[in-house]
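Report on the structure given below.
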There are 2 protein chains.
Amino acid sequence: MTDPFKADPAFEAGSTVVCDWPLCQVRLQDDARFPWLILIPRRAGLSELEDLTAADRATLMEEVVRAGELVRMLGEAAGRPVEKLNVGALGNVTAQLHVHVVGRRPDDGLWPDPVWGRGSALPWGAGALQAAVSRLRQEARRSSAG
Amino acid sequence: MTDPFKADPAFEAGSTVVCDWPLCQVRLQDDARFPWLILIPRRAGLSELEDLTAADRATLMEEVVRAGELVRMLGEAAGRPVEKLNVGALGNVTAQLHVHVVGRRPDDGLWPDPVWGRGSALPWGAGALQAAVSRLRQEARRSSAG
């Protein structure tokens, strides 16, 4: 059977694929204001956590933690270490189940408000985006080998 | 050893204890605009998901799903069935690790924005709050017996 998973076009427009983990597609949000990853479970037809099996939910939780490590790494690389992780599964705008993992700092311009639906994205720019994705892929490979 | 867990005073001010689950204290947010529960892992000194053990994280995920069922029940009871669950672990304002589980509808006044940091809470009022807490306790007992 072919995998019927496909990321919603809204994700294609605003983020870039980093890699696939056992459960999720990992994407970098194209918004240089925050180190920000999106995890999309690679299953068709999901919109709520309850739509996953309990085993997949446990995997999702571990992938969220692993994404947090990558987000911290991105913040370090930018000279802006993450002080708080924000994790959210909302889906009010794009219903396909996905989890945001965002690195926050008191000087990030939106603190302490959530990032969703506020302000406009600041695109990374092609070179910086590609560099960040390469760094993330390298790190993701290292952590899965560890 | 005594359990050193204690909910931050900010939670005491804005929400009411419903019950304790294996990992989390379950609280009802005192904001009648949304059916809204808060789960606080009953461990001391946590601020990020990575501070929990992997076993506790798996439990937390299952308690989030269970809280979602209670939130849906609250929405039904109010004649306003939940159309989307919003789940978030932020902690920018109150650092103690906690997870929000909020029932949303397109007509809820803030949709599609997140609920955090927007508008002012609409207190339930003593009678309605007590009725909601009683209903939640009854339902939480039923689901744990099932």
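Would you say B:ASP56 is of a type in the set (Asp, Glu) and open to solvent by less than 10 Å² (accessible area, probe 1.4 Å)? No.
Mind counting the residues in region B:63-86 that are outside any strand (DSSP E or B) and either within 14 Å of chain A (Cβ to nearest Cβ) or within 14 Å of A:ASP51 (Cα to Cα) (or both)?
Final tally of qualifying residues: 15.
A single entry from A:ALA44, A:ALA54, A:ALA89, A:ALA95 fulfils the requirement of being over 19 Å from A:LEU28 (Cα atoms), within 10 Å of chain B (Cβ to nearest Cβ) and not polar (S, T, N, Q): A:ALA54.
Take the conditions in contact with a helix residue (DSSP H, G or I) (Cβ under 8 Å, 6 or more places away or on another chain) and more than 10 Å from chain A (Cβ to nearest Cβ) and apply them to B:ALA132. Does it pass? Answer is yes for this residue.
Of everything in region B:98-120 that is under 17 Å from B:SER15 (Cα atoms) and under 15 Å from the mean Cα position of the chain (by Cα), the residue that is nearest to the other protein chains (Cβ to nearest Cβ) is B:TRP116. Restricting attention to region B:94-146, the residues that are closer than 23 Å to A:VAL93 by Cβ and either of a type in the set (Val, Ile, Thr) or without any contact (Cβ under 8 Å) to a residue 40 or more places away in the chain (or both) total 14. For region B:25-36, a residue qualifies if it is over 10 Å from the mean Cα position of the chain (by Cα) and open to solvent by less than 10 Å² (accessible area, probe 1.4 Å), and the qualifying residues are B:ASP31, B:PHE34.
Scan region B:78-96 and give yes if some residue there is surrounded by 16 or more Cβ atoms within 10 Å (Cβ to Cβ) and hydroxyl-bearing (Ser, Thr, Tyr), otherwise no. Yes, that holds for at least one residue.
The values are calculated or read from the model by the stated rules, or taken from the named source; none is laboratory data. Quick caveat: nothing in here was measured; it's all calculated off a predicted structure. Don't worry about glycine lacking a Cβ; one is built from the backbone with ideal geometry, like all the others, and counts go over all protein chains shown. SASA here: full protein model, heavy atoms, side chains in, ligands and nucleic acids out. Shrake-Rupley method; radii C 1.70, N 1.55, O 1.52, S 1.80 Å.
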